[in-house]
1. Which residue, of Glu358, Glu425, Glu410, is acidic (Asp, Glu), modelled with pLDDT of 80 or more and under 19 Å from Gly326 (Cα atoms)?
2. Report yes if Ile523 is in contact (Cβ under 8 Å) with a residue 24 or more places away in the chain, within 16 Å of ligand 1 (Cβ to nearest atom) and within 30 Å of Lys372 (Cβ to Cβ), otherwise no.
3. Can you spot a residue in the stretch 470-492 that is away from ligand 1 (no atom under 16 Å from the Cβ), modelled with pLDDT under 75 and within 34 Å of the chain's Cα centre (by Cα)?
4. Evaluate the stretch 146-155: report whether one residue or more is within 20 Å of the chain's Cα centre (by Cα) and either in contact (Cβ under 8 Å) with a residue 24 or more places away in the chain or farther than 21 Å from Val282 by Cα (or both).
5. Mind telling me which of the residues Val257, Val282 ends up being buried (at least 16 other Cβ atoms within 10 Å of the Cβ) and in contact with an Asp or Glu (Cβ under 9 Å, 6 or more places away or on another chain)?
6. I'd like to know if the stretch 243-261 contains one or more residues that are in a loop (DSSP other than H, G, I, E, B) and of a type in the set (Asp, Glu).
7. So Thr408 ticks every box in (1) part of a helix (DSSP H, G or I); (2) more than 33 Å from the chain's Cα centre (by Cα); (3) of a type in the set (S, T, N, Q) but one. Which box is left unticked?
8. Does the stretch 422-437 include one or more residues that are under 38 Å from the mean Cα position of the chain (by Cα) and assigned to a helix (DSSP H, G or I)?
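The values are calculated or read from the model by the stated rules, or taken from the named source; none is laboratory data. Given the structure is predicted, the values throughout are model-derived calculations rather than measurements. Glycine gets a Cβ as well: all are built from the backbone with ideal geometry, and neighbour counts include every protein chain shown.
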Amino acid sequence: MTKIKIMDELLANKIAAGEVVEKCESVVKELVENSIDAGATEIKIELKESGIKEIKVTDNGFGMDREDAKMAFFRHATSKVLTEKDLFNISTLGFRGEALASIASVSKIELITSTGEVGTKIKLEGGKIIDISSSSSRKGTIIKINDLFFNTPARLKYVKNLYAELANITNLVNKIALSNPNIKISLFNNEKKLLQTDGSGDLLKVIMAVYGSEVASNMFEIEISDEDYEVSGFISKPEINRSSRNHMITIVNGRVVKNNEINKTINEAYHTYKPDNLFPIVILNIEVDSILIDVNIHPTKQDIKFSKMEELKLLIFKKIEEILGGKKFIPKVIKNDYVQETFDFSVNEKEEKIEKKEIELSNKDEENKEEKLPYLLAVASLFGTYIIAQNEVGMYLIDQHAAKERITYEFIKDDLGRPDTNTIELLIPITLEYTPSEFIVLKENFNLIKELGFSIEEFGINSIIVKSHPTWLPKNYEEKAIRRIFEIIIEKEKKFDIEKFNEKIAINLSCKLSIKANDNLSIEEMEHLINDLRKCKNPYNCPHGRPTIIVYEKEELEKMFKRSGF
Ligand code: ZN
Ligand code: ZN
C-alpha cells in the first residue's frame, strides 16, 4: 500500500540538497505540485505575511495513509520520480521527497491527511516528528508550514522582502492556475483573496481570473498542429501588452516552462503591431511526445529543449502572424472607470462582457473583405496632429504622423523587398577607412560583399574603395547604408541579413520622411492619407507599433452623455 518509495541513491545525488527551499515561493510550488500529483481538483493556498508566518495548502487529493505520511518527510522518499529516465519526462511534476525533507528541516509543519479512512495528524519541528495522532477522515491533505526559516539566518533577509515574496508567489500560482484550468485554485494572503479559479477547464475563464475581463475579452484563440506538436491557447490583441516578458507563458504537457526562443518567436510575430519594448499576453499550451523534449533536471529550473525547434517556431510564428494579419484592430476608447462609477455594473454583468467583440465595419466592407479600414469621412484637424473622422459607427482619431509613417514604411519595404542584381555606378567612388583588424575581417568577406552587389577594391592601407552599389540601397542614404552594411559585416558573429537590414532602414526612413505633428492638412489631404492608409497590410500601427487610429464608438458616446442604453 506504500505509495511513496525510496528514490535511487544515485539519482538523489543529482538533486542538490537545500536548493529546493530557497524562498516561500519554492515551498508553495512544491506543496501545490504535490496536491496536483495527488489528483486534487480543488487546491486552496492560504498565506500569512506572504508565507513567512504560515503557508497552508488544502487539497482534496488522494491523501496518505499513516505509513506514507511518516515517510513523506524522509530524504529521497518519493511517490513520483522512480528512475533516471522519468526525470526527463516532463509529465512528472516536480521532485518529491527531497523537497519536503528540506522544507521540514527549516520550519514547523502540521500535516493532516486521509485517504478517506482513518486520518493522520503529524507535527514536525526542524525536521523531527514531535507528535503523531489520529484526525478527521476527510479525504485529502492539509499541510501547514509555520515560521519558515525559523532556524536559519536567511529568515531575516526574507522578512524584509514581504512584498516581493508575495508578488513572486502570486505570479507562480497564476501560472499554475493557467496550466491547470481543470483545477479549482484559490490564493489568499492575510485572508485577502488574490486569485480564484472555478476549475471548469475553460482557459479563458482562468485568464479572466488572473488578468481581468478587459484582457480576457481581448484575446484571440490559437490552435495549430503538425505531426509532432499540438499548440493551443490564447494570444492578446496587440493593444493589450505589458512591459514585462513574464506574461508570455509556455506550458508544455501541462507544466509551465521557460523558453526564450519561443518568447522571441512570439515577439517577432507581433513586430510592428506593438512597440518592441512592450510584450503581449500569450498563453501557449504545447502538447508533445516527451521523447522530443529535454528537461533540465535541476529541480528549481524550468528550462526545456525541443527537438525540431525550428519547426515549432515556424508553426507558432506563422499562426500568430496569420491571426494578427487577419483581424481588425482599431482600439476602442471606453472610459471604464467612468462607466463603472456611473452605472455600477454588478460583477456578473461585467463577467458576461467577456464575449469577443470586433468593431463592426460599414456595409461597404462586407463586400470588400480585403479592406481593413472602414469608410471614413474626414471632419477636421485636431492640434495639427490628429485627424478627426467619422462614420456611422463612431468618431475616429487618426495620428497623422503615425499613419504616414505606416504608409511610407510599407512602400519602402516593398521597394527594398525586391533587391535585384542591378547596380549603380558611382560618379565619385566612396573611400572607406578602417582599422587594421576591421580591414582584415572585411577582406575575408570580400566575396560576400561582392555577392551583395558591391564593386569594391582595396585602396591603399586599410582602405576600401566602393565603385558601384546595388540599386536597393535607399536613395540619398547610399553612403550611410554602405557604412552600416560594412559595420554589420565587421561585427563578425552576425551574418549580414538583408531582410533585417531593410527592416531597420524602412522604419528609420519612414519616420524621417513622414509629416510631423503640427502640419496642418486640408480635408482633401486628410482623405488622401486615410485612403493610402487603407491600402496598408497593417493600417492599425506605425512601424514602431504605436496605434495609428482609435475609435470612440457612437454607442459609447451616447452612454457617456446618458442618451441611451439605460
Ligand atoms: Zn516617427
Ligand atoms: Zn512610429
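1. After applying the criteria, what remains is Glu410.
2. Taking the combined requirement at face value, the residue does not satisfy it.
3. yes
4. Looking for residues that are within 20 Å of the chain's Cα centre (by Cα) and either in contact (Cβ under 8 Å) with a residue 24 or more places away in the chain or farther than 21 Å from Val282 by Cα (or both), one finds none in the stretch 146-155, hence no.
5. Result of the check over Val257, Val282: Val257.
6. The first filter runs over the stretch 243-261 and keeps only residues in a loop (DSSP other than H, G, I, E, B), leaving 243-244, 253-254, 259.
Pick out the ones that are also of a type in the set (Asp, Glu) and you get none.
For the stretch 243-261, residues in a loop (DSSP other than H, G, I, E, B) and of a type in the set (Asp, Glu): absent.
7. For Thr408, the exception is condition (2).
8. Taking every residue of the stretch 422-437 in turn, none turns out to be under 38 Å from the mean Cα position of the chain (by Cα) and assigned to a helix (DSSP H, G or I).
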